[in-house]
1. Can you pull out every residue in the stretch 52-83 that is touching a Lys or Arg at 6+ places or on another chain (Cβ under 9 Å), at pLDDT 60 or above and surrounded by fewer than 19 Cβ atoms within 10 Å (Cβ to Cβ)?
2. Inside the stretch 138-189, can you point out the residues that are over 18 Å from Val92 (Cα atoms) and open to solvent by 100 Å² or more (accessible area, probe 1.4 Å)?
3. Given the conditions (1) more than 19 Å from the chain's Cα centre (by Cα); (2) open to solvent by less than 80 Å² (accessible area, probe 1.4 Å); (3) over 20 Å from Ile51 (Cβ atoms), which single one is not true for Ile203?
4. Would you please name the residue that is surrounded by the most Cβ atoms within 10 Å (Cβ to Cβ), looking only at residues in the stretch 234-252 that are modelled with pLDDT of 90 or more and in contact with a strand residue (DSSP E or B) (Cβ under 7 Å, 6 or more places away or on another chain)?
5. Tell me yes or no: at least one residue of the stretch 225-233 is open to solvent by 50 Å² or more (accessible area, probe 1.4 Å) and small (Gly, Ala, Ser).
6. Surrounded by 12 or more Cβ atoms within 10 Å (Cβ to Cβ) and out of contact with any Leu (no Cβ under 6 Å at 6 or more places or on another chain): does that describe Lys255?
7. Kindly evaluate Met265 against the criterion of being part of a helix (DSSP H, G or I) and among the hydrophobic types (A, V, I, L, M, F, W, C).
8. Scan the stretch 214-229 and report the pairs whose first residue is touching a residue at least 40 places away in the same chain (Cβ under 8 Å) and whose second residue is basic (Lys, Arg) and part of a strand (DSSP E or B), with Cβ atoms within less than 8 Å and a gap of 6+ or a chain change.
Amino acid sequence: MTDTPATRCGYVAIVGRPNVGKSTLINHILGQKLAITSRKPQTTRHTMLGIKTEGNVQAVYVDTPGMHKDNDKALNRYMNKTASAALKDVDVVIFVVDRTRWTDEDQMVLERVQYVEGPVILAINKTDRLEDKAALIPHLEWLQQQLPKAEVMPISAQQGHNLDTLEALIGNYLPENEHFFPEDQITDRSSRFLAAELVREKIMRQLGAELPYQITVEIEEFKQQGATLHIHALILVERDGQKKIIIGDKGERIKRIGMEARKDMEQMFDNKVMLNLWVKVKNGWSDDERALRSLGYGDV
């Protein structure tokens with residue numbers, strides 16, 4: 001008679017400065033797009049759970065906003081607070097860094113991770129893009145000195161390199177527990193939230209260089225009518241000039257944003273989608289704590 005392996009379940013926080021590949025990592029582990037990604041820092045604003053159940057192991061990943069030094073706006077304070085809070089109640093922390101690049105913001109994350117009592121994995125991402133692989137060795141040694149208890153592991157979130165090893169290590173660290181979620185559930189977020197995030201991703205990908213990140217998306221209607229899911233999304237910006245940029249010449253830009261978002265929604269919801277987009281100016285929303293709370297940003 002063979003012993004059945006113990007059921008394991010726990011929370012895994014993925015932390016790091018903006019743009020090191022945290023959302024790409026969670027999407028690759030889950031095998032589907034859940035967290036939005038773009039080259040623009042601070043794409044992720046909310047903590048989101050990504051749930052992966054494989055056999056006896058359920059890992060609940062917490063994708064957090066990138067921690068950054070700019071704390072002057074209410075939105076920035078909210079993102080830093082959210083990322084820091086995620087470190088408190090988790091079973092494993094993955095600290096993601098970008099190759100041999102080290103910034104003040106990495107240092108800031110390191111100073112918070114140093115106080116974590118549980119297991120820490122230091123994931124060196126994008127190592128496939130490193131031209132001089134030998135340069136990685138002294139950097140790995142230096143990182144190990146900064147976090148002596150951490151397990152240091154080179155990975156590529158984009159290419160999937162070494163992610164099986166990473167997941168196996170996480171599984172070993174997770175405590176023996178009954179599973180917290182049904183095995184077919186992949187997130188704690190609502191479909192409305194995911195729809196809003198997809199619209200925001202398309203705006204950031206297309207307009208990253210032209211638009212500051214003070215845009216947010218609110219879903220005003222989300223309902224199934226017959227075989228079609230009808231979604232009405234409101235894009236909030238802070239100035240008239242930003243509204244013009246999003247709409248584009250003769251409405252071309254907003255049409256393209258809508259088309260790309262709709263394609264992703266149809267795949268995500270496995271349904272035909274009719275998507276309507278509007279743009280509205282709401283002055284100073286990103287530094288207005290009451291406005292942020294009404295837009296779902298919790299306590300700031």
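The values are calculated or read from the model by the stated rules, or taken from the named source; none is laboratory data. Just so it is clear, the structure is predicted and the values come from calculations on it, not from any experiment. Note that each Cβ is placed from the backbone with ideal geometry, even for glycine, and that neighbours are counted across all protein chains shown. All accessible areas refer to the heavy atoms of the entire protein, side chains included, with ligands and DNA or RNA removed. Shrake-Rupley method; radii C 1.70, N 1.55, O 1.52, S 1.80 Å.
1. Residue satisfying the conditions is Asn56 alone.
2. Matches in the stretch 138-189: Glu141, Gln145, Gln158, Gln159, Glu183, Asp184.
3. (1)
4. Ile235
5. yes
6. When the stated conditions are applied, Lys255 passes them.
7. Yes; evaluated as a whole, the condition is true for this residue.
8. Ala227/Lys272; Thr228/Lys272; Leu229/Lys223; Leu229/Lys272
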